[in-house]
Structure formats: structure tokens, C-alpha cells
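S.K.: Dropping the structure in here first, questions after.
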Amino acid sequence: MWNAGIETSSHGTDLSKNQAMKEKERLIKELLITEERNDLRDRLRFLTERSMKNRPHFRPNPYYEDLERMEEAVMSILHNLEMENTEVHENNHKLKKEITFSR
């Protein structure tokens, strides 16, 4: 009760907690992007390893062109995710430098 009149300044700790939460959210997002990219890469590898051409009794697949277009779309998504991941990684590095500098 004798401390009731004294106000403590916890603005600095609130700010660092807020920055830590934002950093945590950003890292979680980066991890999810990486997991999605790896999943797409694994799917693509699965499709290419079991290619119809490697089978002994090959019959042309009428949907082969569709499969090729799907592969191009997956590769495009993979490329976009890799670029986004690189961009996020660079921003992370800049933020870490700012956090280190501000301490």
C-alpha cells in the first residue's frame, strides 16, 4: 500500500515484449513457408521419380500435357515461396541488427 502513489515505468519492457512477440510471429510464419516449400518440393520429386516414361510398358498418357502444366505451376509456386523466404530472411537479419543496435 505504501507503493500505491509511485508509478513504475514498464514501457521499455512492454516494448521489448511486443518486439519479441512480433519477431516470434514472423519466425513462425517463415517456418510455415519453409514447411510448405519443402512439402511442394517433396510432391514434385515424387511425381518426377515415378514418371510414366520409366515404366517398362509405356502407354502415352492423354493427360500428360495437363501434368506438365501442373508441374510448371508447382515450380512457379515453389520459386515464389523461395523468393519470399529469402526476402523474409533478409528482413529478419535487418531486424536482428536493429534490435542488437538498440540494446
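The values are calculated or read from the model by the stated rules, or taken from the named source; none is laboratory data. Just so it is clear, the model here is predicted, and its values are computed rather than measured. A quick note on method: Cβ atoms are made from the backbone with ideal geometry, for glycine too, and the neighbour counts reach across all protein chains shown. Note: accessible area is taken over every heavy atom of the protein model, side chains too, but ligands, DNA and RNA are not part of it. Shrake-Rupley method; radii C 1.70, N 1.55, O 1.52, S 1.80 Å.
S.K.: In the range 72-86, what count of residues is obtained for those that are loosely packed, with under 11 Cβ neighbours inside 10 Å and either farther than 14 Å from Leu44 by Cα or in contact with a Gly (Cβ under 7 Å, 6 or more places away or on another chain) (or both)? Quick ask: steps written out before the conclusion?
M.R.: From the range 72-86, those loosely packed, with under 11 Cβ neighbours inside 10 Å are 72-73, 76, 83, 86; that's our starting set.
Imposing the further condition that a residue be either farther than 14 Å from Leu44 by Cα or in contact with a Gly (Cβ under 7 Å, 6 or more places away or on another chain) (or both) reduces the set to 83, 86.
The qualifying residues number 2.
S.K.: Sticking with this one: For the range 40-60, indicate whether the set of residues that are under 30 Å from His93 (Cβ atoms), at pLDDT 90 or above and open to solvent by 70 Å² or more (accessible area, probe 1.4 Å) is non-empty.
M.R.: Taking every residue of the range 40-60 in turn, none turns out to be under 30 Å from His93 (Cβ atoms), at pLDDT 90 or above and open to solvent by 70 Å² or more (accessible area, probe 1.4 Å).
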